[in-house]
Amino acid sequence: MGELYISAHPLIQHKLTIMRDKHTDSKDFRGLLREISTLMVYELTQNLPLEETETETPIKKMKGVKINGKDLAVIPILRAGLGMVDGLLYLIPTAKVGHIGLYREPQTHNPVTYYCKLPPDIDRSTAILVDPMLATGGSASDAIKI
């Protein structure tokens, strides 16, 4: 199973408070969600493995490092998770995107998957599952199993 990371970053906490304010309109809410998502992906990617690469600068060739963005996938849980995708892709534009649609059956509360489209190589990718609607964690847990 994946790792759980809880951010206590002051900017994220500040923006969450504004976002939760009943006076925050829809436009500002979406902007704050995008900003929070960008700050979160910055934090959660701090331990991604790097690979050595050679690049040519205006002066000479040099060795550097890069992350392999093609091995990263952003998977929003529909629909609420869609609001977080742009913030993540802002910093990782080469990440692949998939989608998982889940809902809870009203009587049994069992998960029902109504849509699932994942990148073909998801089993070899580092997946970042996003959903801002976390209550019990049941949908996130089910999405991880998928």
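The values are calculated or read from the model by the stated rules, or taken from the named source; none is laboratory data. Quantities reported herein were computed from a predicted structural model and do not represent experimental measurements. Reconstructed Cβ throughout: ideal geometry from the backbone, glycine too, with neighbour counts over all protein chains shown. Calculation scope for accessible area: heavy atoms of the full protein, side chains included, ligands and nucleic acids excluded. Shrake-Rupley method; radii C 1.70, N 1.55, O 1.52, S 1.80 Å.
List of remarks:
- Most mobile listed residue (Leu11, Leu102, Leu129) in the chain, GNM with C-alpha springs under 10 Å: Leu11
- DSSP-defined beta bridges in the stretch 35-146 - what % are antiparallel, rounded to 5: 55
- Degrees between helix 82-91 axis and first principal axis of the chain (Cα, 0 to 90, nearest 10): 10
- Only one of [x] -0.54, -0.73, -1.34; [y] -0.67, -0.86, -1.30; [z] -0.61, -0.80, -1.29 was calculated from the structure for log10 I(q)/I(0) by the Debye sum over Cα atoms at q = 0.13, 0.15, 0.20 Å⁻¹, and its label is [y].
- Legend: distances between Cα atoms for Lys96/Lys145; Lys27/Lys145; Lys15/Lys117; Lys27/Lys66; pairs beyond 23 Å are Lys27/Lys145; Lys15/Lys117; Lys27/Lys66.
- Share of carbon and sulfur in the accessible heavy-atom surface of the stretch 1-139 [1.4 Å probe, %]: 55
- Surface accessible to a 1.4 Å probe, per residue, for the residues of the chain, Å²: 72
- Positive-end residue, the chain charge dipole about Cα centroid, Cβ charges, pick of Pro76, Pro58, Phe29: Phe29
- Point-to-point label distance, Thr45-Thr24, nm (Cα→Cβ direction, 7 Å offset): 2.3
- Just checking the listed ones, Ala80, Ala95, Ala127: in the Gaussian network model of the chain with Cα springs under 10 Å, the one fluctuating most is Ala80.
- Cα-based helix-to-principal-axis angle, 10-20 vs the chain, degrees rounded to 10: 30
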